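The next block holds one structure in the form of structure tokens; read it before the comments.
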Amino acid sequence: INVGAAELNILPGVHMRVSKNTLQSGRGTWVEVSWDGLKDPKYDDWIALYVPAHADLTSIAPAKFQYAFSSRTHIPHGSGMLRFKVISYRQDMVFALVRGGLAAPSIGAITPVIHIANPNEPLQVHLALTNEVSEMLVQWVTL
């Protein structure tokens, strides 16, 4: 993805929505991202997840993305829906509709912010045996 060529060009009439505005658990949940109102849909349009939400989206690479044509209604109607497995990045996030392919990305629409309910939730539990038969070491990751 050519982040250096990215630009912000919000398109009038294009609307984006997400199925969840808050992630309750950091272990991962499915979020549906939908859009409509896109005139002249193309095969190189994509939907991307950006973290943090309030960053300059033209200066960071997305955390993940899918091509919009993966939704069978994108090309004929300029609308669609895709599902993303989203984990807690411990920061608010947004999805964006990006045009221009990977070489010349142009952000055309942005979803409402998805908030993290508990950014300090203990995640990634690790168990380990110790030298004592009656002991076990438990570790996890927090901020």
TODO: Can you send over the carbon and sulfur percentage of the accessible area for the chain, probe radius 1.4 Å, protein chains only?
DONE: 54 percent
TODO: Return the FRET efficiency for the residue pair A55, V125: r is the Cβ-Cβ distance, R0 is 25 Å, and the value is rounded to the nearest 0.05.
DONE: 0.30
Open item on the list: Just to make sure I understand: if all protein chains stay in place, what is the order of L8, L49 by accessible area at 1.4 Å, largest first?
Closed with: L8, L49
Task: Rounded to 5, percent antiparallel among DSSP beta bridges of the chain - done: 90 percent
Task: Size descriptor, Kirkwood hydrodynamic radius, that averages inverse alpha-carbon separations across the range 48-143, Å - done: 16.2 Å
Open item on the list: Test of understanding: express the Cα radius of gyration of the range 1-54 as a ratio to 2.2 N^0.38 Å, with N the residue count.
Closed with: 1.37
TODO: Run through all the Cα pairs of the range 48-95 and give the fraction in each 5 Å bin from 0, expressed as whole percent.
DONE: 5, 20, 25, 18, 17, 12, 3, 0
Task: Accessible area per residue, Å², the chain with all protein chains present, probe 1.4 Å - done: 57 Å²
Open item on the list: P(r) for the range 1-106, please, calculated from all Cα pair distances in 5 Å bins and given in %.
Closed with: 2, 13, 24, 24, 21, 12, 4, 0
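The values are calculated or read from the model by the stated rules, or taken from the named source; none is laboratory data. As the structure is a computational prediction, the values presented were derived from the model and not from experiment. Because the Cβ atoms are built from the backbone with ideal geometry, glycine has one as well, and the counts that use them run over all protein chains shown. For accessibility, only protein heavy atoms count, side chains too; no ligands or nucleic acids. Shrake-Rupley method; radii C 1.70, N 1.55, O 1.52, S 1.80 Å.
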